[in-house]
Amino acid sequence: AMMATDSRPPFIERMLWDEVATRIHDGAVAILPIGAAAKQHGLHLPLNTDRIQAEWLAARLAARFDALIWPTVTYGHYPAFTKYAGSSSLSASTFEALVRELATGILGSGCRTVFVLNTGVSTLAPVDRALARLDAGRVKHLWISGGPRYRRVARELAEQSHGSHADELETSLMLAIAPELVDMGRAEASPAVTRETPGALTPSDENSPNYSRSGSYGNPTLATLAKGEDLLAAILDDLVEQVAVFIAKDLTDKPRPEAMQSVLR
């Protein structure tokens, strides 16, 4: 796909509708970021940590591909964090319906492909279900932690004994993306636990296996900028490869909509 010529990230919320129409007509693909804006991230990261990651990655992907970025889905299914003030969670069914309707609408507007860029974990199954009824050749679920490069680098770098939230890895990512938002002086490890994936975390029940006073799950005190840069590079390489493969397949497999003809000549 062609490179975007404008240097500003193509977030459609900042554009005019006729600009969006022209870009769609010229073959732009859509990115729908999913990143919570109301989800606790320990005592050292803001509640919109996932949103910041989703929009940073979406902007980098859009710089590599001809893409438009839809407004981030900032509410989702995050049941593990509701005991912490400010953390919001939709039911799985409501979130699933929301994603399905948004993706359906984007496809209906003429975008040939929608990439759903997911920064969550509890959001994975609902998004899969949301997209299952849509044309599999036109929708692709991208998970930022799912690619082989990221998993390899995370295994190599991680020093913590356990973790999956506001931990060593996620805090390192934020040190690379938005260091001014990270308060390492307040980063606090969660107690060692016996299982990798906790249930709903609790800030108050010290006898629970899911106790975390800070809201972190893992050890964010081990985070560094260097780790974050390596993890980010791995995520981007994984995402770029997945998008490129899907777009290439899209262009060879299917009858082209009229809007595509001009792009491919």
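The values are calculated or read from the model by the stated rules, or taken from the named source; none is laboratory data. Remember, predicted model here, so these are calculated numbers, not experimental data. Because the Cβ atoms are built from the backbone with ideal geometry, glycine has one as well, and the counts that use them run over all protein chains shown. Keep in mind that these areas ignore ligands, DNA and RNA; they rest on the heavy atoms of the full protein, side chains included. Shrake-Rupley method; radii C 1.70, N 1.55, O 1.52, S 1.80 Å.
Computed with the Debye formula from one identical point scatterer per Cα of segment 38-87, without solvent, the log10 of I(q)/I(0) at q = 0.18, 0.24, 0.26, 0.30 Å⁻¹ comes to -0.63, -0.89, -0.97, -1.14. In the set (i) 21.4, 69; (ii) 22.4, 73; (iii) 19.1, 66, the label that goes with Rg and Dmax of the Cα atoms in Å computed for this structure is (iii).
Pull up the DSSP beta bridges for the chain and report the antiparallel fraction as a percent, rounded to 5.
Working: 2 of 19 bridges.
Among the beta bridges of the chain, antiparallel pairing accounts for roughly 10 percent.
If you roll a 1.4 Å probe over the chain with all protein chains in place, what percent of the accessible area is carbon or sulfur? Before the final figure, lay out each step's value.
Numbers: 6690 of 12360 Å².
Summing carbon and sulfur atoms, their accessible area is 54 percent of the total for the chain.
Tell me, which longest segment in the chain has none of the GluC sites (Glu not before Pro) that fall in DSSP loops with at most 15 further Cβ atoms within 10 Å? Can you show the working numbers first?
On the way: sites that count: GLU159, GLU196, GLU206.
It runs 1-158.
Relative to the current alpha-carbon distance between LEU134 and LEU225, full extension at 0.36 nm per residue lengthens the span by 28.8 nm. Put a dot 7 Å past the Cα of ALA97, heading toward its Cβ, do the same for ALA178, and the two dots end up 3.0 nm apart. Solvent-accessible surface of the chain, taken per residue with a 1.4 Å probe and all protein chains present: 47 Å².
Backbone geometry of segment 43-60 corresponds, through the Karplus equation with coefficients 6.51, -1.76 and 1.60 at θ = phi - 60°, to 3J(HN,Hα) couplings of 8, 10, 10, x, 5, 9, 3, 5, 4, 4, 5, 4, 6, 4, 5, 4, 5, 5 Hz, x marking Gly and Pro. Normalised by the number of residues in the chain, the average gap of Cα pairs under 8 Å and 6 or more apart makes the relative contact order 22 percent.
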